[in-house]
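*Asks:* Have a look at this one.
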Amino acid sequence: MKFDALLFDFDGVLIESEYLGNKHIADFLTANGRPTTTEESMANFMGYSGRDFVTRLEAWIGGPLPQQWNTERLAENERVLAEGIEEVAGATAFVRSLPANLPKAVVSSSSTRWIRTHLAHLDLADAFGDHVYSGAEHVTRGKPAPDLYLYGAAQLGVPIERCAILEDSPVGTTGAVASGGYVIGLCAGRHCAIGHDATLRAIGVDTIAHDFEDVRRELGL
């Protein structure tokens with residue numbers, strides 16, 4: 001193992017939620033008078049959370065979100081929390097194969113409720129212990145700031161320079177690169193279209209992985 005700890009983004013790295021979530025956003029905006037494709041939603045909103053996410057949505061439509069946005073978004077979130085979302089291919093087996101004593105954490109823009117519920121669906125409820133961190137809950141500045149990665153590394157007690165970070169979105173990758181960790185741009189999810197790897201390389205990732213076997217080789221496992 002080349003590194004002392006692993007930091008995992010969640011959506012689009014461990015579960016296939018990026019495509020599903022952005023399709024819902026695009027469908028909602030289109031139905032409410034702002035035609036938007038899933039690809040446009042991913043390009044503009046993927047990786048953001050909280051106020052930053054809402055600000056970008058409102059800038060896209062040129063005004064406040066329709067009143068029914070919160071209701072419909074909450075209903076969709078509750079549906080997928082109950083039903084679960086499929087893993088990114090190979091994610092569960094990869095996490096389970098890691099040495100038990102290897103420090104690891106989830107560092108995600110999503111809520112800890114979202115992360116822990118879906119970890120349970122994947123039978124990974126115990127895989128990260130207490131080390132599940134949310135950009136909306138644990139730091140003042142979420143992604144693309146580097147704060148969440150630095151926070152996760154500090155909680156693990158490992159210098160960020162000794163951490164490998166798995167990220168998939170341009171927003172997350174920007175923060176990961178800025179943190180000083182070793183960044184693996186994971187292009188394994190459904191949302192990673194042709195050219196996604198080039199986008200992440202341009203941001204400055206240290207390497208690209210197209211699946212978890214690539215990740216395993218890069219880590220020296």
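The values are calculated or read from the model by the stated rules, or taken from the named source; none is laboratory data. All values derive from a computational prediction rather than experimental measurement. Every residue, glycine as well, gets a Cβ built from its backbone with ideal geometry; the counts of neighbours run over all protein chains shown.
*Asks:* Given the criterion of a type in the set (A, V, I, L, M, F, W, C) and either closer than 27 Å to residue 121 by Cβ or touching a residue at least 24 places away in the same chain (Cβ under 8 Å) (or both), identify the matching residue among 43, 59, 26.
*Replies:* 26
*Asks:* Could you tell me which of the residues 50, 21 is surrounded by 14 or more Cβ atoms within 10 Å (Cβ to Cβ) and either aromatic (Phe, Trp, Tyr) or under 30 Å from residue 161 (Cα atoms) (or both)?
*Replies:* On inspection, the qualifying residue turns out to be 50.
*Asks:* Further question: Among the residues of segment 82-91, is any assigned to a helix (DSSP H, G or I), in contact with a Leu (Cβ under 6 Å, 6 or more places away or on another chain) and closer than 30 Å to residue 103 by Cβ?
*Replies:* Checking segment 82-91: at least one residue is assigned to a helix (DSSP H, G or I), in contact with a Leu (Cβ under 6 Å, 6 or more places away or on another chain) and closer than 30 Å to residue 103 by Cβ.
*Asks:* Next up: Inside segment 68-113, can you point out the residues that are among the basic types (Lys, Arg) and buried (at least 18 other Cβ atoms within 10 Å of the Cβ)?
*Replies:* Scanning segment 68-113 gives a single hit, 104.
*Asks:* Looking at 83, 16, 58, 39 in this structure, which one is within 16 Å of residue 190 (Cα to Cα) and either at pLDDT 90 or above or within 14 Å of the chain's Cα centre (by Cα) (or both)?
*Replies:* Within the list 83, 16, 58, 39, the selection yields 16.
*Asks:* Quick one: is residue 165 in contact with a Leu (Cβ under 6 Å, 6 or more places away or on another chain) and part of a strand (DSSP E or B)?
*Replies:* Here the answer is yes, as residue 165 does meet what is asked.
*Asks:* Cβ-Cβ below 6 Å, separation at least six or inter-chain, first residue in segment 184-209 and on the phi > 0 side of the Ramachandran plot and part of a loop (DSSP other than H, G, I, E, B), second among the small types (Gly, Ala, Ser) and exposed (fewer than 15 other Cβ atoms within 10 Å of the Cβ): which pairs?
*Replies:* Once the first residue is on the phi > 0 side of the Ramachandran plot and part of a loop (DSSP other than H, G, I, E, B) and sits in segment 184-209, no partner that is among the small types (Gly, Ala, Ser) and exposed (fewer than 15 other Cβ atoms within 10 Å of the Cβ) comes close enough.
*Asks:* So, one more: What do you reckon, is residue 4 of a type in the set (D, E, K, R), in contact (Cβ under 8 Å) with a residue 12 or more places away in the chain, over 11 Å from residue 189 (Cβ atoms) and in contact with a strand residue (DSSP E or B) (Cβ under 9 Å, 6 or more places away or on another chain)?
*Replies:* yes
*Asks:* For the condition surrounded by 18 or more Cβ atoms within 10 Å (Cβ to Cβ) and among the acidic types (Asp, Glu), what is the one hit in 130, 147, 123?
*Replies:* Among 130, 147, 123, only 147 is surrounded by 18 or more Cβ atoms within 10 Å (Cβ to Cβ) and among the acidic types (Asp, Glu).
*Asks:* I need the full set of residues from segment 117-135 which are part of a helix (DSSP H, G or I) and among the polar types (S, T, N, Q), in order please.
*Replies:* Matches in segment 117-135: 117 only.
*Asks:* Also: Taking segment 167-204 as the region of interest, how many residues are of a type in the set (Val, Ile, Thr), under 23 Å from residue 86 (Cα atoms) and at pLDDT 95 or above?
*Replies:* 2
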